[in-house]
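No lab work stands behind these numbers, since they all come straight from the coordinates. Just so it is clear, the model here is predicted, and its values are computed rather than measured. With ideal geometry, Cβ positions are generated from the backbone for all residues, glycine too; neighbour counts draw on all protein chains shown.
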């Protein structure tokens, strides 16, 4: 029986369109080997690194268990603090789960929301200041809520649950927004030049999967959900530092997909270039394109001549 092929080191990057023609990574792409398309987007990309896993999956239960260890057999929804803002064409989601809350702020903002969830048989839990969860009753059902990355910057009406089943969730969301709009903490945040927490984004419903499996050896990542999934699958996990990216080897996943292309050029390019010069690397863009880069590809100078 032959040996199993070694998985390449994989680097997950933001969408290809964010890398301008002059970005240093483009020179490597001109000389690399194009592969078949991979998964497109954040949630599908995550699912693609674990098997068997299809979208949508129980992101809320995974992150709750990773953060607090008490997901159990309950169903969960993520209820991440969000900032929405009306404009001429609708109401847009501008930020979700990254609003720099302190724990006392989070608890204070959540307090008047607890009865709204309680009336529906749900329990609001503050897992971390920026990551909130809702424990659902055993007989609960929920629609397929959009993940934040699908809705950021877009009109909320395109992503809210529709129909009869969705109506009670739309009503709940409206009540949440009314309460938060009137909350004195948001007046204080605005006065301090901070974004208000004027909504919650519900998503990722389900119960904790019995197990996850991935052929990968480990991840270098700061992303909460990726770390939660890696932990559930028993993978090694390392925080995203230059040293850990440099040390990543075959079978590892390095997650840079949440960074702007400019930050990759300014802060990460020396580390990434050294990695590309030293070992084979598969580049997977969030927009699905994939390339195989090998150290000797840098000598394919004729490929980059007109790039």
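Going by a ≥ b ≥ c, the root eigenvalues of the Cα gyration tensor, does the range 74-127 fall in the rounded group (a/c under 1.5), the prolate group (a/b larger than b/c) or the oblate group?
Prolate, since a/c reaches 1.5 and a/b exceeds b/c.
Where does helix 163-181 land angle-wise versus the long Cα axis of the chain, in degrees 0 to 90, nearest 10?
The helix 163-181 is inclined about 80 degrees to the chain.
Take the Cα radius of gyration of the range 180-278 and divide it by 2.2 N^0.38 Å, with N its residue count; two decimals is plenty.
1.48
So for the range 101-171, considering every pair of alpha-carbon atoms, how many percent are separated by more than 13 Å?
Numbers: 1791 of 2485 pairs.
The calculated P(r) of the range 101-171 puts 72 percent of pairs beyond 13 Å.
With a bin width of 10 angstrom, please list the P(r) values of the chain as percents of all Cα-Cα pairs, from the 0 bin to the one holding the largest distance.
Final binned percentages: 6, 25, 30, 23, 13, 4, 0.
What does the convex hull of the alpha-carbon atoms of the range 1-142 project to on average, in nm²?
Projected area, direction-averaged: 15.0 nm².
Would you please classify the overall shape of the range 30-89 from the alpha carbon gyration tensor, given that a ≥ b ≥ c denote the square roots of the eigenvalues, rounded means a/c under 1.5, and beyond that prolate means a/b larger than b/c while oblate covers the rest?
oblate
Summing -39500 (n - 2.57) over the DSSP H runs of n ≥ 4 in the chain and dividing by its residue number, what mean residue ellipticity at 222 nm do you reach, to the nearest 500 deg cm²/dmol?
Helix-only estimate at 222 nm: -8500 deg cm²/dmol.
Report, for the chain, the % of DSSP beta bridges that are antiparallel, rounded to 5.
65 percent
Defining a contact as two alpha carbons under 8 Å apart and six or more residues distant in sequence, what relative contact order in percent does the range 59-207 show?
37 percent
To the nearest 10 degrees, how steeply does helix 269-278 sit against the main Cα axis of the chain, on a 0 to 90 scale?
50 degrees
If R0 is 22 Å, what FRET efficiency do you get for residue 123 and residue 174 from their C-beta distance, rounded to 0.05?
Numbers: r = 20 Å, r/R0 = 0.92.
For residue 123 and residue 174, the calculated efficiency is 0.60.
Restricting things to alpha carbons, find the Rg to Rh ratio for the range 240-291 using the Kirkwood radius for Rh.
In the range 240-291, Rg relative to Rh is 0.92.
Measure nothing but the geometry: give the 0 to 90° angle between the long axis through the Cα atoms of 59-68 and the longest principal axis through the Cα atoms of the chain, rounded to 10°.
90 degrees
For the range 202-245 and the range 78-125, what is the separation of their C-alpha centers, rounded to whole Å?
Each part reduced to its Cα centre gives a spacing of 25 Å.
With no solvent and one equal point scatterer per Cα, compute the Debye intensity ratio I(q)/I(0) for the range 59-207 at 0.14 Å⁻¹ and report its log10, rounded to two decimals.
-0.63
Please compute the contact order of the range 123-235 in relative form: average sequence separation of alpha-carbon pairs under 8 Å and at least six residues apart, divided by the residue count, as a percent. Each step should come with its number before you reach the end.
On the way: 79 pairs, mean separation 21.5, N = 113.
This gives 19 percent for the range 123-235.
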